[in-house]
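Down below is the structure, laid out as C-alpha cells.
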Amino acid sequence: MRLLVLFLLVFQLSASERSMAEISPKNDNQEYEVNRDQLQTIYELGTSYLQVSLDSANVYANRLRCKSVFIGDTLYLGYANLLEAKVSYRKSEYNRTVNFIEEALKQLSDSLLVDRANCFNICGNAYIKMGNYKLALKSHLTCLKIRNQLGDEYFISKSLNNIGSVFFKLRDYNSAIDYYNKSLEIRIKQKDLTGIALLNNNIGNIYFEKGDRVNALIKYFNAFHTIDKEQNIYWKPLLLKNIGEVYQSKGEISKAIVFYQRALYEAREMDDQAAVATSWIHLGRAYLNEKRYNQSLGAIKKALSISKKYKIPELELEGDRCLSLFYEQRGDYQNSLRFQKEYSLLKDSLFRQNNRKEIAEMSAKYKLDKIEKENIYFKQKSKIQELEIEKQNTRNKYFSILSVLVLAVVIYTVRSTKQKKRHNVLLKEKNKTIYKQNKELGQLNATKDKFLSIVAHDLKNPFNAVLGFSDLLIDRYFDIEESTRMEYLEIIHKSAANGSVLLETLLTWSRSKMGIMTYNPIEFDLIDVASDELEILKDKALIKNIELEFKFNMSYCVKADIDMVRTVIRNLGNNAIKFTKEYGKVILSVSERSGLLYFSVRDNGIGIKFDDLSKLFKLDSNFTRPGTSNEKGTGLGLILCREFIEKNGGSIGVQSQEGVGSEFWFTLKINSSEILKKTSTRGAEVKSLSC
C-alpha cells in the first residue's frame with residue numbers, strides 16, 4: 001500500500017512539471033479522450049434512432065462522420081460507416097450498404113471482434129437481398145467464425161439462421177434445414193420466443209417449397225401467434241406474405257389477399273421498401289388470378305417502380321416476370337415478350353455487377369474531406385493549448401485523490417470477494433458431488449428393486465409350478481391316470497422352460513449391468529444371422545400356427561457385436577410370436593433407409609395401448625403383460641434390446657395400434673459403401689415359412 005501511494009505521488013509531481021511546459025502528446029490524448037466520449041454518445045443516439053426514425057439516425061451518422069474526420073479518429077469514422085450501413089439496409093439501399101460496410105471494415109481493427117462480426121452479418125444480409133448468394137454465404141460464414149470465437153450463443157444462433165437462409169435461396173434445402181435446426185436448438189434453450197417464431201417461419205418456407213402446405217401453414221401460424229401483438233418485428237411483413245402464398249397456392253385467393261394487404265400495411269409502418277415491393281408483387285399476382293386486371297397491373301407496376309428506385313434486382317426480376325404473365329393472359333403477346341426479354345437480360349447480368357468505381361469514388365471523397373478537416377483542426381489547435389495547461393493541472397489533482405480512494409476500495413473489495421469465492425467454489429463442488437451420488441444411488445435402487453421384483457415374482461412362479469406338480473406325481477403317482485400324469489409332466493416341462501428363459505434373460509441383463517459382457521464388433525452379413533434366428537423361432541411359431549415371413553432384397557454387411565444383434569433379433573421375434581394369436585402372421589424385413597440398415601419385426605397381434613408405448617424400453621416403468629397363450633415375461637427383454645442396439649451405435653423404436661398389431665424396428669450403420677448384391681445361393685427375395 002505504501003509503495004503504491006508513493007508511486008502515485010511521484011506520478012503527480014512529474015505530471016505537474018510537464019504541465020508547465022509546452023503541450024505534450026499526453027495533453028493531446030486527454031483532449032482525444034474527451035472527444036471520444038462525445039463521439040460515443042453520438043453513435044449511441046444514432047443507433048437508438050434506428051428503430052424509431054431512420055432519417056434521425058442518418059443525421060447522427062453524418063454528424064459522427066464530420067466530428068471523426070475533424071479530430072482524425074479512424075475508429076469512430078468506422079462506426080459512422082457502420083451506422084450509415086444499418087440505415088441504408090433498413091431503407092433497402094443494398095449497394096450503399098455494402099459500400100459503407102467495406103469502408104467500415106477498413107477502419108475497424110481486427111481486435112474489435114463484435115463490431116467486425118456485425119459488419120459481416122449486415123453485408124451478408126445485403127448480398128442476399130441483391131441476389132449474390134455466393135458473397136452472402138462467404139460473409140455469413142466469416143461472421144459465424146468470429147462469433148464462435150466470442151462464444152455468445154445468441155449471436156451464433158443468428159448466424160446459423162442466416163446461413164440457413166442463404167442455402168434456402170440456393171435451393172439446398174437439406175443444408176438449410178440443418179442450420180435452421182441448430183439455430184432453433186439454441187433459441188429453445190434460451191427460451192427466446194421471438195427467435196423461435198422466426199425459425200418456425202423459415203422452416204415453414206422449406207415445407208412450402210417441398211409442397212407440404214399443411215405443415216408450412218402450421219409453422220407460419222405458430223410464428224404469427226407469437227409475434228402478432230409485438231411491435232417492430234422487421235420480418236412480420238414477410239411472415240404475413242408467406243401465409244398469403246400458402247392460401248394462394250391452395251386456390252383460396254380471397255384469404256391470400258387479406259394477408260398480402262396486412263403485410264403491405266406492416267411494411268409501410270416500418271418503412272421497409274423491399275417488403276412494400278414484395279407485398280405489391282404478390283397482391284398483383286393474386287388480383288391476376290381473380291382477373292381483376294386493373295388492380296393487378298397497378299400493383300405490379302408499383303412493385304417494379306420501388307424495386308428499380310432502390311435497386312433491388314431480385315424483386316425487379318419478379319416484377320418483369322409478373323408483367324410478362326399479365327400481358328400473356330390479356331393476349332398482348334408483344335408486351336409479354338418485351339418484359340420476358342427484360343427479365344432474361346436482368347437475370348443474366350445479376351451476378352456480373354461491379355461496384356468498384358462507386359467504392360473508389362467514395363474512398364476519394366472521404367480522403368479529401370479528411371484533409372480539409374485536418375487543416376481546420378491544426379489552425380485551431382494553437383488556441384486550445386493555453387486552456388489545456390490549466391485543465392491538465394486540475395485533472396492531475398483530482399486524479400491523485402481519486403486514485404487513493406479507488407485503491408482503498410479495490411483492496412477491500414478484492415479481499416472480500418476472494419474469500420466469498422473460495423467458500424462458494426467449495427460449496428458448489430460439494431453440491432455437485434452430492435447430486436451425482438444421489439442420481440447414481442437412485443439408478444442403483446431402481447435396478448435393485450427391478451431385479452428383486454422379478455426374482456420374487458416372475459422367477460418364483462415357474463418353480464412353484466414345477467414343485468407343486470412334481471409333489472403330486474411323487475405322492476399320488478399310481479392313483480393318477482396316465483393321461484393326467486402326462487398333462488402334469490407337460491406343465492412341469494413348460495414351467496421349467498419358462499423359468500430357463502427368464503433365468504437366461506436375467507443373467508444376460510445382470511452381466512450387462514455389471515460390465516462383465518464384453519463388446520466385440522466384427523463384420524458380418526445380417527441376412528445370415530437373421531436367417532439363423534428365424535429357424536429357431538420357427539418351432540415357437542409352429543405351436544401357435546403362426547406364419548413367419550422374412551423379406552429382403554439384398555445382403556447388408558454391418559460391423560457390430562454379433563451376439564448382441566442375435567439377442568435383439570431373438571427377443572423381438574419371440575415378443576411378436578408371444579403377442580400374436582393363433583393363425584396370425586409375423587413379418588421380419590431388412591431394407592436400407594437414408595444410408596442405414598433398417599430391420600423390422602411386424603405382427604398382426606393384439607397391439608399396444610397408446611398410453612403404454614412410453615413405458616417400453618424403461619427400467620423404472622416395469623411394464624409386462626402375458627402373451628396371447630398366457631406366456632410370461634420379465635419386462636427386461638426390450639430394455640436389453642435398447643442397451644445392445646445403442647451400444648452398437650444404432651437406434652430402436654416401436655409403432656403400434658391396439659387391436660391391429662405392432663412393428664418393432666432397429667437401425668445399424670451399413671459397414672461398406674457398396675452393398676453386397678444378392679447371390680444365387682441366397683434364395684428367393686421374400687423368404688416365407690408357414691406353420
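Observations
- Filter result (out of contact with any Phe, Trp or Tyr (no Cβ under 8 Å at 6 or more places or on another chain) and of a type outside the set (Lys, Arg)) within segment 78-93: Gly78, Val87, Tyr89
- For segment 210-238, a residue qualifies if it is in a helix (DSSP H, G or I) and touching a residue at least 40 places away in the same chain (Cβ under 8 Å), and the qualifying residues are Pro237, Leu238.
- Some residue of segment 497-519 being under 37 Å from the mean Cα position of the chain (by Cα), at pLDDT 75 or above and either within 25 Å of Asn571 (Cβ to Cβ) or assigned to a helix (DSSP H, G or I) (or both): yes
- Condition check for Tyr207: among the hydroxyl-bearing types (Ser, Thr, Tyr) and not in a helix (DSSP H, G or I): no
- Residues that are open to solvent by less than 60 Å² (accessible area, probe 1.4 Å) and modelled with pLDDT under 80 within segment 609-626 comprise Phe617, Leu619, Ser621, Phe623, listed in sequence order.
- Some residue of segment 643-657 being more than 24 Å from Lys559 (Cα to Cα), of a type outside the set (Lys, Arg), open to solvent by 50 Å² or more (accessible area, probe 1.4 Å) and at pLDDT 80 or above: yes
- Summed over segment 533-565, the residues that are assigned to a helix (DSSP H, G or I) and under 19 Å from Pro521 (Cβ atoms) give a count of 5.
- Hits in segment 312-327 - residues which are of a type in the set (A, V, I, L, M), in contact (Cβ under 8 Å) with a residue 40 or more places away in the chain and open to solvent by less than 10 Å² (accessible area, probe 1.4 Å): Ile312
- With respect to the conditions (1) open to solvent by 60 Å² or more (accessible area, probe 1.4 Å); (2) farther than 15 Å from His282 by Cβ; (3) more than 22 Å from the chain's Cα centre (by Cα), Asp228 falls short on a single one, namely (1).
- When residues of segment 143-175 are limited to those that are among the acidic types (Asp, Glu) and in a loop (DSSP other than H, G, I, E, B), the one nearest to Ser307 (Cα to Cα): Asp172
- For segment 590-608, taking the residues that are within 33 Å of the chain's Cα centre (by Cα) and not aliphatic (A, V, I, L, M), the one that is surrounded by the most Cβ atoms within 10 Å (Cβ to Cβ) is identified as Phe599.
Per-residue answers, yes or no, for (1) on the phi < 0 side of the Ramachandran plot; (2) open to solvent by 30 Å² or more (accessible area, probe 1.4 Å); (3) at pLDDT 90 or above; (4) not in a loop (DSSP other than H, G, I, E, B):
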{"position": "Glu84", "(1), (2), (3), (4)": "yes, no, yes, yes"}
{"position": "Ser92", "(1), (2), (3), (4)": "no, no, no, no"}
{"position": "Thr97", "(1), (2), (3), (4)": "yes, no, yes, yes"}
{"position": "Ala104", "(1), (2), (3), (4)": "yes, no, yes, yes"}
{"position": "Phe120", "(1), (2), (3), (4)": "yes, yes, yes, yes"}
{"position": "Ile128", "(1), (2), (3), (4)": "yes, no, yes, yes"}
{"position": "Leu135", "(1), (2), (3), (4)": "yes, yes, yes, yes"}
{"position": "Leu141", "(1), (2), (3), (4)": "yes, yes, yes, yes"}
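- Across segment 269-301, the qualifying residues are those that are crowded, with 24+ Cβ neighbours inside 10 Å and touching a Ser or Thr at 6+ places or on another chain (Cβ under 6 Å), and the one among them that is nearest to Glu93 (Cα to Cα) is Ala277.
- Checklist (1) under 30 Å from Arg65 (Cα atoms); (2) at pLDDT 85 or above; (3) among the hydrophobic types (A, V, I, L, M, F, W, C) applied to Val414, failing item: (1)
- When the criteria are applied in full, Leu304 meets the requirement of being touching a Gly at 6+ places or on another chain (Cβ under 6 Å), at pLDDT 85 or above and open to solvent by less than 80 Å² (accessible area, probe 1.4 Å).
- Within segment 166-189, the residues that satisfy the criterion of being of a type outside the set (A, V, I, L, M, F, W, C), over 11 Å from the mean Cα position of the chain (by Cα) and open to solvent by less than 70 Å² (accessible area, probe 1.4 Å) are Asp172, Tyr173, Ser175.
- The condition (being of a type outside the set (Phe, Trp, Tyr) and open to solvent by 40 Å² or more (accessible area, probe 1.4 Å)) is satisfied by just one residue among Lys551, Lys578: Lys551.
- Looking across Thr433, Thr447, one residue alone is part of a helix (DSSP H, G or I), open to solvent by less than 80 Å² (accessible area, probe 1.4 Å), of a type in the set (Val, Ile, Thr) and at pLDDT 75 or above. It is Thr433.
- Segment 267-310, residues that are under 33 Å from the mean Cα position of the chain (by Cα) and either part of a loop (DSSP other than H, G, I, E, B) or among the basic types (Lys, Arg) (or both): Arg268, Met270, Asp271, Asp272
- Qualifying positions in segment 292-313 - out of contact with any helix residue (DSSP H, G or I) (no Cβ under 7 Å at 6 or more places or on another chain) and within 16 Å of Glu342 (Cβ to Cβ): Lys301, Ser305
The values are calculated or read from the model by the stated rules, or taken from the named source; none is laboratory data. What you see is a predicted model, and the numbers here were worked out from it, not measured in a lab. Here the Cβ is made from the backbone with ideal geometry for all residues, glycine too, and neighbour counts use every protein chain on show. Ligands, DNA and RNA are excluded from the accessible area calculation, which covers all protein heavy atoms including side chains. Shrake-Rupley method; radii C 1.70, N 1.55, O 1.52, S 1.80 Å.
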